[in-house]
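The values are calculated or read from the model by the stated rules, or taken from the named source; none is laboratory data. Note that the coordinates shown come from a computational prediction; the quantities given were computed from them, not determined experimentally. Cβ atoms come from the backbone with ideal geometry, glycine included; neighbour counts cover every protein chain shown.
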């Protein structure tokens, strides 16, 4: 069955345009006119991706995203924005957005971004694969991350970034390599996205005794066992 995508926008023509474009690309869609309606729909529907405008009445895109993440919902989330200001982008990534699409956008760009995010979220699950670095243990095929034996919730993008680092334990991965491997497309004006997600991982996985996610200035990032 094709992926189900929730489209949230207070402008009916925009909702319909996005819905039609995604339907033509082979996806099923639901639509909501604001964040509150979206939350009500999510109570009775399991969706694979949310595409939401930011500026909406009642509950805006940032508030919807924050509400879901605080509940532990890691459903991939794309924000539509008319602003390319870096603080605007940083807020979205800090709250847990997986991508931004700037208005106005082309139908082809929308379909490509959606396909890339769903591909990242589904991931490749090698049978029985377990990765361990320091107190972190990852069951790749189960999408389970444990820190000192306790399960930690990561978003799909955070998970894939952590796996990439752990698979190359002790070796430096460049920002460009991570952008290509994790995000599957260029972020010419959003190059801080890797740094942002590295900071998310550190907040969730670093402890007083383990701070193994390292920045190698001028080169990239690596993970290693605590010395």
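Scanning segment 161-185 for residues that are over 15 Å from residue 93 (Cβ atoms) and surrounded by 17 or more Cβ atoms within 10 Å (Cβ to Cβ), which turns out nearest to the chain's Cα centre (by Cα)? Among residues in segment 161-185 that are over 15 Å from residue 93 (Cβ atoms) and surrounded by 17 or more Cβ atoms within 10 Å (Cβ to Cβ), the one nearest to the chain's Cα centre (by Cα) is 162. Search segment 1-29 for residues being surrounded by fewer than 17 Cβ atoms within 10 Å (Cβ to Cβ) and under 21 Å from the mean Cα position of the chain (by Cα), and hand back the single one that is farthest from residue 92 (Cα to Cα). Among those that are surrounded by fewer than 17 Cβ atoms within 10 Å (Cβ to Cβ) and under 21 Å from the mean Cα position of the chain (by Cα), it is 2. Counting the residues of segment 140-152 that are under 21 Å from the mean Cα position of the chain (by Cα) and either in a loop (DSSP other than H, G, I, E, B) or modelled with pLDDT of 90 or more (or both) gives 6.
Could you list, in sequence order, the residues of segment 106-139 that are out of contact with any helix residue (DSSP H, G or I) (no Cβ under 8 Å at 6 or more places or on another chain), at pLDDT 80 or above and part of a loop (DSSP other than H, G, I, E, B)? Scanning segment 106-139 gives 106, 134, 135.
Remark: pairs (first residue in segment 139-158, not assigned by TED's automatic domain parsing to the domain that holds residue 211; second residue surrounded by 14 or more Cβ atoms within 10 Å (Cβ to Cβ); Cβ separation under 8 Å; 6+ apart in sequence or on different chains) are absent. Among the conditions (1) free of Cβ contacts under 8 Å to residues at least 40 places away in the same chain; (2) in contact with a helix residue (DSSP H, G or I) (Cβ under 8 Å, 6 or more places away or on another chain); (3) surrounded by 17 or more Cβ atoms within 10 Å (Cβ to Cβ), residue 34 misses just one, which is (2).
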